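Encoded as structure tokens, the structure appears first; notes follow it.
No lab work stands behind these numbers, since they all come straight from the coordinates. Keep in mind that what you see is a predicted model, and the values were worked out from it rather than measured. Cβ placement follows ideal geometry from the backbone for every residue including glycine, while neighbour counts extend to all protein chains displayed.
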Amino acid sequence: MDELLKETAHRPYPLPDAPWLMTQTWENLLFMHWPVDAALVRELVPVELELDTWDGEAWISISPFQVKHQRFRILPEIPMLNEYLELNVRTYVKRNGKQGVWFFSLDANLAPAVFAANGLLALPYKNAEMSFDKEDHPGEALKMYEGKDGAGANFNKKKGFRFMNSRITGEDWFGRFDCSYRPVSEPGLCQSGTLEHWLIERYCLFTTRDGKVLRGDIHHLPWDVSAAEASVSVNTMCPVPLPREPLLQYCESKKVLMFPFVED
């Protein structure tokens, strides 16, 4: 963790003074980004937060992924509590000069995590039945890519994933998602100043509790993402209509540090 904390040049603002609280590794993460009418999103975000837009448009992102190696700073990994599936729906906001995200929902298939996040942090976690499976796809293979650690991190265009979500609470028609996806290029960093960089290089999230705005900082190395393809058969996750095909990005693995929430 010390080595990760030394890599801060890419951050838009310094690390918090407080020590990190929790660590997770996010694996096989798909970013699906849509531009939407800013007026529609403005109605769904607390007035205390400024909507962050790109060329006048708000953006909403849906991200399915695996959570692994979860543990608190002072504890080892606890079996049965250290990994689960998660599906996030977010938009982009800023407050006091810091660009972050606001979550409309966070579905997970680990009830204790949902209970703790709802009770302690007022984050909109939802219990869901979820599955994640590897798939084979037709088509010619892309060349293999060897990761920085030399241990593989290889992908093949024939390989992909299927992620399914069915929210347990709420209306049956809402909170359902079924998507197959795969990376289709070598991973790389997004150039600063581009939409792709603006969407994913975010290092805090905001929530509200008892009339107060809370900010939770996170830290990780810059996103190294691949272009991706996806086929969505069911998607009732989003609170507003999604107008066209999304911008897609895929990340194989990202270690993340999470810091305590503070009043902002």
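Based on Cα contacts under 8 Å between residues 6+ apart, the stretch 2-263 shows a relative contact order of 23 percent.
P(r) for the chain, please, calculated from all Cα pair distances in 5 Å bins and given in %. Over the chain, the share of Cα pairs per 5 Å bin runs 1, 5, 12, 17, 19, 20, 14, 8, 3, 1, 0 percent.
Exceedance of the 30 Å cut-off in Cα-Cα distance is limited, within the set Lys6/Lys212; Lys6/Lys98; Lys6/Lys159; Lys6/Lys134; Lys134/Lys254; Lys68/Lys126, to Lys6/Lys212; Lys6/Lys159; Lys6/Lys134.
Just subtract the alpha-carbon distance of Leu75 and Leu15 from 0.36 nm times their residue separation and send over the number in nm, one decimal.
Result: 19.4 nm gained on full extension.
Each Lys and Arg Cβ is given +1 and each Asp and Glu Cβ -1; about its Cα centre, the chain then shows a dipole of about 260 debye.
Tally Lys/Arg at +1 and Asp/Glu at -1 over every other residue whose Cβ is under 9 Å from the Cβ of Lys126; what's the total? Could the numbers behind the result be given before it?
Details: positive: Arg167; negative: Asp107.
Cβ neighbours under 9 Å give a net charge of 0.
With the cut-off at 1.5 for a/c, could you classify the stretch 25-113 from its C-alpha gyration tensor as rounded, prolate or oblate? It comes out prolate by the Cα gyration axes. Residue separation of Leu195 and Thr169 scaled by 0.36 nm, minus their Cα-Cα distance, works out to 5.9 nm of gained length. If the segment from Asn82 to Val262 were pulled out straight at 0.36 nm per residue, it would be longer than the present Cα-Cα gap by 62.3 nm.
Sparsely packed loop sites in the stretch 32-95 (the GluC sites (Glu not before Pro) outside DSSP H, G, I, E and B with at most 15 other Cβ atoms within 10 Å) comprise Glu43, Glu48, Glu77. Under the simplified labelling scheme, the Glu50-Lys134 pair shows an inter-label distance of 4.6 nm, with each label point 7 Å from Cα along Cα→Cβ. Near Lys68: Cβ cut-off under 13 Å, other residues only, Lys/Arg at +1 and Asp/Glu at -1. The net charge is -2. Taking a sphere under 15 Å around the Cβ of Ala18 and counting the other residues whose Cβ falls inside, with K and R at +1 and D and E at -1, yields a net charge of -2.
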